[in-house]
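Here the structure comes first, spelled out in structure tokens, and everything after it is commentary.
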């Protein structure tokens, strides 16, 4: 019986951890790929390493310094926005935490790893429902990148096949992702979604933390991850 191999992009956050668990639940033999791209929240890579070790999968870390490009609060000298965690925090346009070309770069690297490892699939935990409005999280972007994979890989040219881009979370709400992760046994306490950690702990007030906390509240679950300081999450639980 043939084994389907997959490269799973693993940032160490909630979505990528759920994506890895979903791939494993489908019987994939997984290689986790994390990228140190100069992000201010590089502590997320420690979470990625813990998650990969917990699931017993190979873990590849690639360095690409996107600080040379800048243009983002995550890679440049721009402050990460913070809001009251009880507010809706909605903003208009593309937020300053968008990293130019990040998912394009990450998928290109994953495609390279997939070729070397003869992987059949590339999994990425992008989401187009409860997210920060990034243009490279949309289904249209994924479809376009699949075309790139179909044209740019040796496997496509030689064997007439290319790695499939899998996005199991793209149409799920954050609450649905959290419930799915819960059902798949994801260790939510080991994940880090924060854009601006304080001493290695989630801040609780950046956009990513706000969306995460609201998702747990909507799912009827308490977020077990540690947060810096004390604040009230949207479910009313004191953190």
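The values are calculated or read from the model by the stated rules, or taken from the named source; none is laboratory data. What you see is a predicted model, and the numbers here were worked out from it, not measured in a lab. For neighbour counting, all protein chains shown are included, and Cβ atoms are generated from backbone atoms with ideal geometry for every residue, glycine included.
Are any residues in the range 97-115 surrounded by fewer than 20 Cβ atoms within 10 Å (Cβ to Cβ), farther than 15 Å from residue 141 by Cβ and either in contact with a helix residue (DSSP H, G or I) (Cβ under 8 Å, 6 or more places away or on another chain) or at pLDDT below 95 (or both), and if so, which ones?
Within the range 97-115, just 115 meets the criteria.
Would you pick out the residues in the range 46-83 that are without any contact (Cβ under 8 Å) to a residue 40 or more places away in the chain, crowded, with 20+ Cβ neighbours inside 10 Å and within 15 Å of the chain's Cα centre (by Cα)?
48, the sole residue that qualifies.
Would you be able to say whether some residue in the range 45-53 is outside any helix (DSSP H, G or I) and more than 18 Å from residue 127 (Cβ to Cβ)? Spell out the reasoning first.
Our first condition is that a residue be outside any helix (DSSP H, G or I); within the range 45-53, this holds for none.
There is no residue in the range 45-53 that is outside any helix (DSSP H, G or I) and more than 18 Å from residue 127 (Cβ to Cβ).
With respect to residue 181, is the statement that it is closer than 24 Å to residue 56 by Cα, outside any loop (DSSP other than H, G, I, E, B), modelled with pLDDT of 95 or more and in contact with a helix residue (DSSP H, G or I) (Cβ under 6 Å, 6 or more places away or on another chain) true? Spell out the reasoning first.
Details: closer than 24 Å to residue 56 by Cα: yes; outside any loop (DSSP other than H, G, I, E, B): yes; modelled with pLDDT of 95 or more: yes; in contact with a helix residue (DSSP H, G or I) (Cβ under 6 Å, 6 or more places away or on another chain): yes.
Criteria met by residue 181.
Among 221, 172, which is the only one that is part of a loop (DSSP other than H, G, I, E, B), at pLDDT 95 or above and more than 18 Å from the chain's Cα centre (by Cα)?
Numbers: 172 fails: more than 18 Å from the chain's Cα centre (by Cα).
221 is the lone residue from the list that is part of a loop (DSSP other than H, G, I, E, B), at pLDDT 95 or above and more than 18 Å from the chain's Cα centre (by Cα).
Could you list all residues from the range 118-135 that are closer than 17 Å to residue 6 by Cα and either at pLDDT 95 or above or not in a loop (DSSP other than H, G, I, E, B) (or both)?
Filtering the range 118-135 down to residues closer than 17 Å to residue 6 by Cα leaves 118-126.
Matches in the range 118-135: 119, 120, 121, 122, 123, 124, 125, 126.
Please enumerate the residues belonging to the range 25-44 that are touching a strand residue (DSSP E or B) at 6+ places or on another chain (Cβ under 7 Å) and either buried (at least 19 other Cβ atoms within 10 Å of the Cβ) or part of a loop (DSSP other than H, G, I, E, B) (or both). Outline the logic, then answer.
Kept after step one, since they are touching a strand residue (DSSP E or B) at 6+ places or on another chain (Cβ under 7 Å), are these residues of the range 25-44: 28-36, 42.
Result: 28, 30, 31, 32, 33, 34, 35, 42.
Considering only residues that are closer than 11 Å to residue 177 by Cβ and surrounded by fewer than 24 Cβ atoms within 10 Å (Cβ to Cβ), which ones fall in the range 1-20? Step through it out loud before you land on a result.
At the first step, the residues of the range 1-20 found to be closer than 11 Å to residue 177 by Cβ are 13-19.
Within the range 1-20, 13 is the sole residue that qualifies.
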